[in-house]
Amino acid sequence: MASIHTIYAREILDSRGIPTVECSLWLDNGMAVVASVPTGTSKGRYEAVEVRDKDPHRMLGQGVLSAVNNINTILGPLLVGRDPTTQAEIDQLLIQTDGTERKSKLGANAILAVSLAVAKAGAASQNLPLYYYFGQLAGTTNNYAIPNCIYTLINGGEHGADNLDIQEFQIVPVSSMSYADSLNLAMTLYHQLEEVLILKGAIHSVGLVGGFTPNLYNNTDAFELLVETTKASPYTFAQDVFFGVDMAASSLYKDGKYHLKDKPQPYSSKELYDYYAMLRNLYQVFSIEDPFQDDDWDSWKDLTTELGATTSIVADSFMATNSQRVQKAIQEKACNSISIKPNEVGTISETLAVVRMAKTAGWQIVMSHRSGETNDDSIADLAVGVGADYCKFGPPQRGERVAKYNRLSQINQELEYARSSAAPAITAMPNPDATPEALSTVGASP
Ligand code: PGA
Ligand code: ZN
């Protein structure tokens with residue numbers, strides 16, 4: 001069995017041009033893997049803590065050299081000689097070494113980079129595809145499939161350009177559609193929407209993750225444009241494609257009310273509930289993420305009771321991939337879906353535990369990117385491995401987003417091949433991490 005030889009980290013830039021952590025792990029058999037971690041913009045208050053340098057003279061205070069140093073001097077040396085397939089044991093050691101409730105000492109950004117690198121090394125050491133290895137860790141069966149995708153087309157809120165309040169206007173292809181057809185639909189509608197926006201003189205630019213940030217009067221106008229776009233396409237609205245939103249409502253909440261430009265006065269929780277019922281009925285919005293702020297439990301419960309039978313009520317920053325909050329929400333029936341973001345909790349094992357807990361409660365799993373992404377595509381493997389219901393990786397545009405969609409295309413082809421009679425046994429399948437590029441770093445350990 002291969003063991004960990006060296007772990008070494010560095011600071012890199014994420015898709016927003018803000019520093020994040022990347023980590024290389026060398027095994028004693030010469031294999032090497034690289035893992036990097038994403039970061040959020042509309043971060044929830046219950047997330048694990050990212051350690052940043054706060055040095056105003058460097059990287060505008062956003063540097064992560066201290067987190068990198070925590071890997072190079074503490075976490076890396078601690079894992080030398082260990083078997084990378086002992087993920088749970090290693091994650092436990094990382095958690096204990098940090099010793100704080102929300103990983104604020106060494107940083108969830110440092111800890112997750114190591115945890116993810118260990119998972120990749122575990123897969124590589126067994127010559128298994130990463131999704132398959134995640135499936136083994138998660139205890140899921142061999143029926144791997146590509147989850148449905150939730151694509152963002154328009155951005156507002158903290159991801160936008162101050163035009164719209166809703167953070168994400170999403171399209172969700174009907175679940176019976178194959179991945180190839182779903183990607184075709186998303187690509188077609190994305191570019192069709194661009195044409196519609198140009199025709200209307202509403203084109204502005206794109207937001208943080210690549211969705212359009214049009215100049216419109218209010219949020220409802222965006223749905224009208226999405227309906228118009230769909231009508232101008234070969235697809236049928238409410239048959240081939242449905243809509244979703246990420247409200248990121250904590251960022252709309254001020255002085256006890258929710259502020260949206262659809263109405264001059266701010267919304268009470270009850271008025272916002274009525275707004276959602278309108279979106280559901282008029283625009284087939286059947287997925288609503290973070291509809292209320294993170295402590296508005298009663299409103300979450302009411303919405304789930306009233307709309308939950310037909311609508312996904314998705315908890316993102318509300319749950320923060322945190323098992324204690326998930327436990328409480330299961331008891332209180334406060335949502336029926338969860339957005340899973342490994343960096344909200346900080347280790348692969350804890351992420352898998354939350355997925356397991358949520359699945360047992362019958363919730364839907366939405367495996368999600370962050371707004372600050374890297375080209376690390378392992379979130380696609382994680383989605384397939386745990387058997388997520390949905391993936392949320394942004395629009396079908398921008399390098400760091402399409403890295404994930406393209407990885408799904410690779411996995412899709414591998415799965416189709418594995419189902420064909422010509423396929424060799426899984427252990428002989430090519431390992432995505434054992435690429436010539438990765439192997440060329442052999443012996444280059446610092
Ligand atoms: P974030 O947003 O990564 O900026 O938190 C993504 C989301 O809310 O889903
Ligand atoms: Zn969200």
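The values are calculated or read from the model by the stated rules, or taken from the named source; none is laboratory data. Note that the structure is a prediction, hence the values are computed from the model and not measured. Glycine also receives a Cβ, built like all others from the backbone with ideal geometry; neighbour counts cover every protein chain displayed. Keep in mind that these areas ignore ligands, DNA and RNA; they rest on the heavy atoms of the full protein, side chains included. Shrake-Rupley method; radii C 1.70, N 1.55, O 1.52, S 1.80 Å.
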- Find all pairs meeting these conditions: Cβ atoms under 7 angstrom apart; at least six residues apart or on different chains; first residue within segment 243-256 and without any contact (Cβ under 8 Å) to a residue 12 or more places away in the chain and closer than 14 Å to residue 287 by Cα; second residue charged (D, E, K, R) and within 15 Å of ligand 1 (Cβ to nearest atom). none
- When only residues in segment 29-71 that are closer than 22 Å to residue 8 by Cα and of a type in the set (Asp, Glu) count, which is farthest from ligand 1 (Cβ to nearest atom)? 53
- If we keep just the residues of segment 8-17 that are assigned to a strand (DSSP E or B) and open to solvent by 10 Å² or more (accessible area, probe 1.4 Å), which is nearest to residue 84 (Cα to Cα)? 8
- Item | Selection within segment 286-336 - open to solvent by 10 Å² or more (accessible area, probe 1.4 Å), in contact with a helix residue (DSSP H, G or I) (Cβ under 7 Å, 6 or more places away or on another chain) and charged (D, E, K, R) | 296, 301, 302, 332, 333
- First in segment 128-142 and surrounded by 24 or more Cβ atoms within 10 Å (Cβ to Cβ), second anywhere and assigned to a loop (DSSP other than H, G, I, E, B) and polar (S, T, N, Q), Cβ under 8 Å, 6 or more apart: 129/431; 133/126
- When residue 38 is evaluated against the numbered criteria (1) more than 16 Å from ligand 2 (Cβ to nearest atom); (2) closer than 19 Å to residue 349 by Cα, which criterion, by number, is the only one it fails? (1)
- Query: Which of the residues spanning segment 143-186 are more than 16 Å from ligand 1 (Cβ to nearest atom) and hydrophobic (A, V, I, L, M, F, W, C)?
  - Reply: 145, 146, 174, 177, 180, 183, 185, 186
- Query: When segment 187-231 is examined, which residues are found to be open to solvent by less than 60 Å² (accessible area, probe 1.4 Å), assigned to a loop (DSSP other than H, G, I, E, B), in contact with a helix residue (DSSP H, G or I) (Cβ under 7 Å, 6 or more places away or on another chain) and away from ligand 1 (no atom under 16 Å from the Cβ)?
  - Reply: 214, 216
- Message: Quick check on this structure: which one of 407, 401 is within 16 Å of ligand 2 (Cβ to nearest atom), among the charged types (D, E, K, R) and either in contact (Cβ under 8 Å) with a residue 12 or more places away in the chain or in contact with a Gly (Cβ under 8 Å, 6 or more places away or on another chain) (or both)?
- Response: 401
